[in-house]
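Q: I'd like to ask you about the structure that follows.
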Amino acid sequence: MNPVANYKNCKVTLKYKQPYPNNAFFRKRRLAGKAHRGIDFAPKDELKGQPFFIIAPVTGEVIFAGRHTQFGNMVVIKSVEHGREYLHMLCHLRSISRQTVMYGKRIRKGIILGLMGRTGTATGVHLHYQVEIRLDRQRQTHPWAEGYWKHINPSSYLT
Ligand SMILES: [Zn+2]
């Protein structure tokens with residue numbers, strides 16, 4: 001499910017990409033060689049300033065709901081699909097719906113998580129949506145999630 005409620009009023013501003021080519025365009029933006037580990041959604045130009053609700057793209061357990069240095073207000077849902085574990089990271093939210101989004105709580109696909117925003121290292125209002133899959137390795141990749149996680153292309157979750 002698309003993580004933005006009225007997604008038809010949004011546009012994808014940055015696709016999943018890894019890594020960026022080392023050319024002038026990306027060097028100027030300090031992105032050369034770097035990956036974009038998620039998909040960015042932003043309001044269409046004529047709808048800037050309107051509220052956009054961020055919704056759960058899957059059913060799962062909330063394993064993080066709070067402040068992240070880079071990703072600002074972030075909600076992370078852990079889901080299990082065909083025996084594999086996934087993280088769905090919804091980032092840069094203006095606010096988190098604290099009545100429904102609580103650590104350790106199970107939430108259903110489609111439920112409102114909060115509002116699109118520009119918290120953390122964001123230059124404008126947008127949603128950064130990142131999906132990661134758990135791999136069977138010892139090292140831990142996030143302090144807030146047990147296990148080793150590798151980002152994948154989230155586009156298969158979009159409607
Ligand atoms: Zn992004």
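What follows is calculated from the coordinates using simple rules that are stated; it is not laboratory data. Bear in mind that the values here come from a model prediction, so they are computed numbers and not experimental data. Every residue, glycine as well, gets a Cβ built from its backbone with ideal geometry; the counts of neighbours run over all protein chains shown.
Q: Find the residue count for segment 81-110, including only residues that are touching a Ser or Thr at 6+ places or on another chain (Cβ under 6 Å) and either among the hydroxyl-bearing types (S, T, Y) or more than 20 Å from Q70 (Cβ to Cβ) (or both).
A: Matching residues across segment 81-110 total 3.
Q: Name the strands (runs of 3 or more DSSP E) wholly inside segment 1-120 in which the number of residues that are within 16 Å of the ligand (Cβ to nearest atom) and surrounded by 19 or more Cβ atoms within 10 Å (Cβ to Cβ) is 2 or more.
A: In segment 1-120, 39-43, 72-81, 84-93 are the strands (runs of 3 or more DSSP E) which contain 2 or more residues that are within 16 Å of the ligand (Cβ to nearest atom) and surrounded by 19 or more Cβ atoms within 10 Å (Cβ to Cβ).
Q: Still on this structure, I have one more. State which residue is farthest from the ligand (Cβ to nearest atom) when the search covers only segment 133-153 and only residues that are within 20 Å of I96 (Cβ to Cβ) and not small (G, A, S).
A: The qualifying residue farthest from the ligand (Cβ to nearest atom) is P143.
Q: Turning to a different aspect of this structure: When the residues of segment 59-82 are filtered to those that are closer than 19 Å to L135 by Cβ and of a type in the set (V, I, T), which remaining residue is farthest from the chain's Cα centre (by Cα)?
A: Going through the qualifying residues, I end up with V80.
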